[in-house]
There are 2 protein chains.
Amino acid sequence: MLDAPLITGQHLIAGTWVTSENFFESDPVTGDPGAYYAGGADEINEAATAAAQAFPAYSQTTREERAAFLEKIAEEIEARGAALTEIAMAESGLPAARLEGERGRTCGQLRLFAAHIRDGKYLDIRHDPALPDRTPPRPDLRLIQRPVGPVGVFGASNFPLAFSTAGGDTASALAAGCPVVYKGHPGHPGTCELVAQAIAAAIQATGMPKGVFSMVQSNTNEAGGALVQHPAIKAVGFTGSFGGGKALFDLAMARPEPIPFFGELGSLNPVFVLPAALAARGAELGEGWAQSLTMGVGQFCTNPGLVLLPAGPEGDAFAEAAAGLLNATAPQPMLTGGTAAAYAKGVEMLSGAGLDRLTGAQTCSLREGAPAVFQVTAADWMARPELAREVFGPAGILIRTSSPEEMLKVANGFHGQLTATLLMDDADIEAAKPLVPVLEAKAGRVLANAFPTGVEVADAMVHGGPFPASTNFGATSVGTMAIRRFLRPVCYQNLPEALLPADLQGIA
Amino acid sequence: MLDAPLITGQHLIAGTWVTSENFFESDPVTGDPGAYYAGGADEINEAATAAAQAFPAYSQTTREERAAFLEKIAEEIEARGAALTEIAMAESGLPAARLEGERGRTCGQLRLFAAHIRDGKYLDIRHDPALPDRTPPRPDLRLIQRPVGPVGVFGASNFPLAFSTAGGDTASALAAGCPVVYKGHPGHPGTCELVAQAIAAAIQATGMPKGVFSMVQSNTNEAGGALVQHPAIKAVGFTGSFGGGKALFDLAMARPEPIPFFGELGSLNPVFVLPAALAARGAELGEGWAQSLTMGVGQFCTNPGLVLLPAGPEGDAFAEAAAGLLNATAPQPMLTGGTAAAYAKGVEMLSGAGLDRLTGAQTCSLREGAPAVFQVTAADWMARPELAREVFGPAGILIRTSSPEEMLKVANGFHGQLTATLLMDDADIEAAKPLVPVLEAKAGRVLANAFPTGVEVADAMVHGGPFPASTNFGATSVGTMAIRRFLRPVCYQNLPEALLPADLQGIA
């Protein structure tokens, strides 16, 4: 175990820790760990230029070399484990157990991508051998997936490890063979710096090109805008709010050379409570939902903020059980003061909208959030599209439906979602059948009898969904398939073996 | 064989042939086959709405049902073979043999996609079985690719069959399970109508939902803009000019719900002549290049319009042989009067730019184009970025390089390309090594000792490339991998078997 490394507040640019002109102060609950340099377009330019210079060499590394590099990053993160938990707790307000779990997830993710590229199936190799006797003759054609180039990464406030500096976007881009320029998240700059130190140590230990990873700290929009617009950057991975993500998406599309912007922008994650399950265990389901809604103070992209619940006494039992548990749930510290303020504003908006409020008001100190649940008829919901806006935090809306047809109608009106969940019994299968085609068209993941907040890092996971849930058209930001975002197919026609990528040489 | 079907000039909307208010006249070399209705936003709205209504049923068809549908379309096109060749000749000016070959390619492509979806590997099925005893337990996760929704398709002028009404975009979208709204190409409206008749017959014969294919004829931008912006359309396939494609791309990105726009926008397709090959067979290579440049009057996306050729006498031998053959090549009719006018303007631009012109001027009648080849030093080329603009037709530029380093420098400055070609001997392998990483980063297909105009429809083909060659980020518009553009991954978590897509039921 290393000693707790020193936090310097600097940027990491191609292996060198550097300062810049301006500063920003981090503002955590439990004390300020230091002042951070705020980078801008100049620092981004240096980092992106270094990434472009590193690309030819890094893109030609073997899969084994990159796998060893990813594993070394995991090892270096683990070596900083205690210090990381300490600073991430101070910065994010998240509890130690959660952060330790997230560290395990982050390192597991790095190792999963190492195994995934060792396996090699992601290369998608295709070979159409030459047919010299055909009329016309067919040439030898070999296809393989190659890295797209330097990737810009933006971390999320709600997962300071797993969706941040060495999170899923960075891990999948590095695995693909793409250098990464990471814009530090101002909500947890010290955590960012410690993880960047771990990556820098892994670069040194494995002899990777120094420009393969850089981090620019910033609390303004300038650095982010410059990153998305830099000509050397060929794709972007982003997890965050709709507003911020959409603004960056627009910049990416308006470039002289547009680039793919893989943004995960959040979602309402509707839950459909079907009649037989509701009759059999309405109160239990209501409590289960309330627990899921408040997990991590509701600060998950996949927080189930919307419930479609039949009107009538059985639906009331669900609602009352949920409200009872939520009223007994004390306010909890949110990720940042800004998160808490935005959440309070969102709850105020829902309160002011004349919805039926099922939970009582609780007094919150600065940066705390308390659960808030509202109820609305399906007809009112459909008449008021402004309600379909994510309130990031432990807020929920119950949409009371008067018939299965009305439930289907509400579902048909939804925008794109990350997830859609069915709470159902075997007797609900016929009722669920017309819903499934609608839900699979609206969401990246369809669940039965589970809450969507758990996002397994696995081969079959999809975290993404139709706009506005994401701009991951046809892609996922979690799970091994996330690597595809940073690859492009290249066909080699009749190339001499000596000029082919190693993985295409000598194939049948 | 069917009798030559009647051309009505109408739109096909969800199984019904309909008229609209305005007309346009087609303007072929060999006579006007009729007046065509010019559709607009209303017709697009009807077609897109019908496609959205057809989507739930069509997206649930079995792979076998869709394969039979694609095969039936091929059969119906073949049944109209003679009539199709006749009208396509009149409209496009292309010779019969070329159009017959293109018909074979189009039907072969439909059958290839039928076989591809029968095989099922494109479904990308992944299964992470439940691990109930793990802490925390892992749920059952199954991933499959599902169709994105209705797709808008724009045909290309230069392939009135293979990249048009029932071309690669339509075939791959229908194979994926996506209804298609096709905007008729005003350069070959009669060909469009005949092929639409073939598709309509196949829909009827196989009992597919009528909204699964519609065609709106138009010679204005209104219909195209409306198609890209219609909320029911979830992806677009386009082949055509940079100007038109980029304008539609911008519309697609500016929608309230942005959608992927898979545009194939053309390219300069640079050819690199390496020293040993040049010394051994310079004149032969020059003639080979000249033949490729004039094939189809240079009207291929993959036309090799740019040659990087060492300065000095051996390069001169290539240039002289090429110019000799090109001067002996008579002007040929181009696809439309507009194509010929644009080509003449492009050649005039190059002439006016003070480049060294190697071919003599030829007198062209209206709609004809004659080969034109220019020569420039590498230094001049790099100083004048305006020269790097595709001139669609048989125009070429030889960039004379003074050293291998200069050749590499020019390559490094290229924008994205569909293809990049090496003309080389075994003795050139060392010279080629530094070029290959640059070329694979710039182009979708890298060739040795072949010209890029032949685009095999195969598993390993890539037709696409970095912007501005295409907006197919990570995708191809030719070959079986083209189906991926119209698919999105969906994960099913713990869903009862009865609710899973058929292809996910009962898997290990």
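All of the numbers you see were taken from the coordinates with simple rules; none came from a lab. Computed from a predicted structure; not experimentally measured. Note that each Cβ is placed from the backbone with ideal geometry, even for glycine, and that neighbours are counted across all protein chains shown.
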Give me the inter-chain shielding for B:441-449: mean count of other chain Cβ atoms within 10 Å, whole number please.
6
Tell me the distances, shortest first, between B:A330 and the same position across the other copies, using label points 7 Å along Cα→Cβ, in nm to one decimal.
9.5
Which of A:I13, A:I429, B:I203 has the fewest other C-beta atoms within 10 Å, and how do the rest follow up to the most?
A:I429, B:I203, A:I13
Taking Cα pairs closer than 8 Å and at least 6 residues apart, the relative contact order of segment A:412-477 in percent is 42
Dipole in debye (nearest 20) - the protein assembly as shown, about Cα centre, beta carbon charges: Lys, Arg +1; Asp, Glu -1
260
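For A:A280 and A:R389 in the same chain, what is the full-extension length gain: residue separation times 0.36 nm, less their Cα-Cα distance, in nm?
Numbers: separation 109, 0.36 × 109 = 39.24 nm, distance 3.16 nm.
Working it through step by step, the gained length comes to 36.1 nm.
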Suppose every Lys and Arg Cβ carries +1 and every Asp and Glu Cβ carries -1, with no other charges. What dipole size does segment A:207-330 come out with about its Cα centre, to the nearest 20 debye?
600
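By average Cβ neighbour count within 10 Å, what is the ranking of A:288-294, A:6-12 from highest down?
Details: A:288-294: 22.9, A:6-12: 19.0.
Averaged packing, sorted descending, gives the order A:288-294, A:6-12.
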For chain A, max minus min Cα coordinate along each principal axis, in Å, sorted largest first?
74, 67, 43
Any idea which of B:V462, B:A353, B:T377 is furthest toward the positive side of the dipole for segment B:351-508, if Lys and Arg beta-carbons carry +1 and Asp and Glu beta-carbons -1?
B:A353
For A:G184, what is the net charge nearby, where nearby means another residue's Cβ is under 12 Å from its Cβ and Lys, Arg count +1, Asp, Glu -1?
-2
For A:D426, place a label point 7 Å out from Cα along the Cα→Cβ vector, do the same in each other copy, and report the separations in nm, one decimal, smallest first.
7.1
On a 0 to 90 degree scale, rounded to 10, what angle separates helix B:189-206 from the longest Cα axis of chain B?
30
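Taking the DSSP beta bridges in the protein assembly as shown as the whole, what percent of them are antiparallel, to the nearest 5? Show your work: numbers first, answer last.
Details: 48 of 130 bridges.
The antiparallel fraction comes to roughly 35 percent.
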Long-range amide H contacts for A:L268: which residues qualify at under 5 Å (H placed 1.01 Å from N, peptide plane, sequence gap of 5 or more or a different chain)?
A:L418
16 Å Cα-Cα reach of A:K234 towards aspartates and glutamates, excluding residues that sit fewer than 8 places from it in its own chain:
A:E46, A:D169, A:D250, A:E257, B:E440
Nearest 10 degrees is fine. How inclined is helix A:41-59 to the longest principal axis of chain A, computing both from alpha carbons?
60
Taking Cα atoms, the helix B:242-254 axis meets the longest principal axis of chain B at an angle in degrees (rounded to 10) of 40
Inter-site label distance for B:K345 and B:E78 at 7 Å from Cα along Cβ, in nm:
4.3
What is the dipole size for segment B:1-144, taken about its Cα centre, with +1 at each Lys and Arg Cβ and -1 at each Asp and Glu Cβ, in debye to the nearest 20?
960
Residue of A with Cβ nearest the axis relating A to B, plus distance in whole Å?
A:M253, 2
I need the phi-derived Karplus couplings for segment A:375-384: 6.51 cos²θ - 1.76 cosθ + 1.60, θ = phi - 60°, integer Hz, Gly and Pro marked x.
9, 8, 6, 4, 4, 5, 4, 5, 7, 10
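Taking only C-alpha pairs under 8 Å that are 6+ residues apart, what is the relative contact order of segment B:252-329 in percent?
On the way: 84 pairs, mean separation 30.5, N = 78.
With pairs under 8 Å counted, the relative contact order is 39 percent.
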In order through segment A:160-166: 3J(HN,Hα) via Karplus (6.51 cos²θ - 1.76 cosθ + 1.60), integer Hz, x for Gly, Pro
x, 10, 6, 10, 10, 3, 10
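Taking a quarter of the surface of the Cα convex hull of segment A:362-508, what do you get in nm²? Working shown, then result.
Details: hull surface 60.1 nm².
Mean projected area for segment A:362-508: 15.0 nm², to one decimal.
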Residue-normalised 222 nm signal for chain B, counting each DSSP H run of n ≥ 4 as -39,500 (n - 2.57), nearest 500 deg cm²/dmol, is -12500 deg cm²/dmol
With Cβ to Cβ distances under 13 Å as the rule, what net charge do the other residues near A:A448 carry (K, R +1; D, E -1)?
-3
Can you check what the net charge comes to around B:E222, using other residues whose Cβ is under 14 Å from the Cβ of B:E222 (Lys, Arg +1; Asp, Glu -1)?
-2
What are the ³J(HN,Hα) values, in whole Hz, obtained from phi via the Karplus relation 6.51 cos²θ - 1.76 cosθ + 1.60 with θ = phi - 60°, for each residue of segment B:389-404 in sequence order, with x given for Gly and Pro?
10, 4, 9, 6, x, x, 10, x, 10, 9, 9, 8, 9, 8, 6, x
Could you point to the residue in B:G288, B:T49, B:P501 farthest towards the positive end of chain B's charge dipole, with +1 and -1 charges on the Cβ of Lys/Arg and Asp/Glu respectively?
B:P501
Under 5 Å between amide hydrogens, which residues at least 5 positions from A:L131 or on another chain qualify, with H placed 1.01 Å from N in the peptide plane?
A:R138
The relative contact order of chain B, taking Cα pairs under 8 Å that sit 6 or more residues apart, comes to a percentage of 17
For labels at A:D119 and B:A41 in the simple 7 Å Cα→Cβ model, what's the distance in nm?
4.9
The answer for A:D356, listing residues at least 5 apart or on another chain whose modeled amide H is closer than 5 Å to its amide H, is A:Q375
Given q = 0.13, 0.19 Å⁻¹, what are the Debye log10 I(q)/I(0) values for segment B:122-213, with equal point scatterers placed on the Cα positions and solvent ignored?
-0.55, -0.87
Along the charge dipole of the protein assembly as shown, pointing to its positive end and built from +1/-1 on Cβ of Lys, Arg, Asp and Glu, which listed residue (A:N412, A:V148, A:V18) has its Cα farthest out?
A:V148
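Pull up the DSSP beta bridges for chain A and report the antiparallel fraction as a percent, rounded to 5.
Numbers: 24 of 62 bridges.
If we restrict to bridges inside chain A, about 40 percent are antiparallel.
With N residues in segment A:43-100, what two-decimal value do you get for its Cα radius of gyration over 2.2 N^0.38 Å? It would help to have the intermediate numbers written out before the result.
Values: Rg = 16.3 Å, N = 58, 2.2 N^0.38 = 10.3 Å.
My calculation over the Cα atoms of segment A:43-100 gives 1.59.
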